[in-house]
1. Residues of the range B:94-112 being farther than 21 Å from A:Leu43 by Cβ and not in a strand (DSSP E or B), which ones?
2. Are any of the residues in the range A:78-89 facing another protein chain (nearest Cβ under 10 Å) and either assigned to a strand (DSSP E or B) or surrounded by fewer than 16 Cβ atoms within 10 Å (Cβ to Cβ) (or both)?
3. Determine which single condition A:Asp28 fails, assuming it passes every other condition in (1) more than 14 Å from chain B (Cβ to nearest Cβ); (2) over 20 Å from B:Phe45 (Cβ atoms).
4. Under 30 Å from B:Pro7 (Cα atoms) and away from every other protein chain (no Cβ under 13 Å): is that true of A:Pro61 in this structure?
5. Given the residues B:Leu73, B:Leu87, which is the only one that is in contact (Cβ under 8 Å) with a residue 12 or more places away in the chain, away from chain A (no Cβ under 13 Å) and either in a strand (DSSP E or B) or over 13 Å from B:Ala16 (Cα atoms) (or both)?
6. Filter the range B:19-45 down to residues that are closer than 14 Å to B:Ser85 by Cα and surrounded by fewer than 19 Cβ atoms within 10 Å (Cβ to Cβ) and give me whichever is nearest to the other protein chains (Cβ to nearest Cβ).
7. Going through the range A:31-54 one residue at a time, which ones are in a loop (DSSP other than H, G, I, E, B) and within 12 Å of chain B (Cβ to nearest Cβ)?
8. Need the failing condition index for B:Leu108 against (1) hydrophobic (A, V, I, L, M, F, W, C); (2) out of contact with any Gly (no Cβ under 8 Å at 6 or more places or on another chain); (3) closer than 24 Å to A:Ser95 by Cα, just the number.
Amino acid sequence: DVKVTQSSRYLVKRTGEKVFLECVQDMDHENMFWYRQDPGLGLRLIYFSYDVKMKEKGDIPEGYSVSREKKERFSLILESASTNQTSMYLCASSSPWAEYEQYFGPGTRLTVT
Amino acid sequence: GQNIDQPTEMTATEGAIVQINCTYQTSGFNGLFWYQQHAGEAPTFLSYNVLDGLEEKGRFSSFLSRSKGYSYLLLKELQMKDSASYLCAVREVGAGSYQLTFGKGTKLSVIP
């Protein structure tokens with residue numbers, strides 16, 4: 001079974017802090033994604049990566065950056081956390097060999113105070 | 001770009017059948033996915049359609065009409081555990097074709 005893990009289930013940070021969210025997948029998938037999910041807005045794509053050291057902006061990249069130094073790991077960075085970044089963050093991975101079906105991690109609920 | 005619409009909420013009775021609709025507008029369709037998401041959990045894959053017609057998988061079926069930009073997810077013999085949000089997602093042809101664009105989800109409540 002594909003396993004996507006995220007470093008924390010719950011995280012509380014203060015405004016202005018730099019925040020790192022880590023995601024690891026164990027299926028050698030080429031593609032990895034970061035989403036945020038908010039009530040009434042659904043899943044929105046922040047960034048994605050289709051290869052090591054490659055990244056592409058999604059629909060809402062402002063205030064975020066990403067890093068992919070190894071194939072299995074994709075990190076989301078909030079350079080200076082703000083209260084409007086309080087959200088559920090979901091990581092996913094996919095492969096062309098599985099019709100690009102996306103497998104999701106359990107999510108990190110981030111609260112910025 | 002894409003526009004994906006699905007109802008916000010639905011309620012159905014245990015043992016019944018429910019149909020959740022999804023309409024989309026896209027410049028280059030390349031597949032439609034349905035995901036299930038229980039409250040507080042990650043989405044999990046249910047079905048994938050790229051050609052017109054019905055795909056059946058146990059109690060769940062998904063239908064696609066590309067000419068109408070329309071899909072539905074059919075859940076039969078509803079169980080209480082089917083209470084969840086159901087997300088429709090569309091993939092487009094072209095650069096970044098591994099991206100999915102998600103609808104806002106339909107929250108299904110199954111009542112006794």
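1. B:Pro112
2. Checked the range A:78-89: at least one residue is facing another protein chain (nearest Cβ under 10 Å) and either assigned to a strand (DSSP E or B) or surrounded by fewer than 16 Cβ atoms within 10 Å (Cβ to Cβ) (or both).
3. With respect to (1) more than 14 Å from chain B (Cβ to nearest Cβ); (2) over 20 Å from B:Phe45 (Cβ atoms), A:Asp28 is out only on (2).
4. So A:Pro61 passes the test.
5. The conditions single out B:Leu73.
6. Across the range B:19-45, the extreme among qualifying residues is B:Phe45.
7. Those that are in a loop (DSSP other than H, G, I, E, B) and within 12 Å of chain B (Cβ to nearest Cβ): A:Pro39, A:Gly40, A:Leu41, A:Tyr50, A:Asp51, A:Met54.
8. (3)
Just so you know, all these numbers are worked out from the coordinates, no wet-lab data involved. None of the values given here were measured: they were computed from a predicted structure. As a convention, Cβ positions derive from the backbone with ideal geometry for all residues, glycine included, and neighbour counts pool all protein chains shown.
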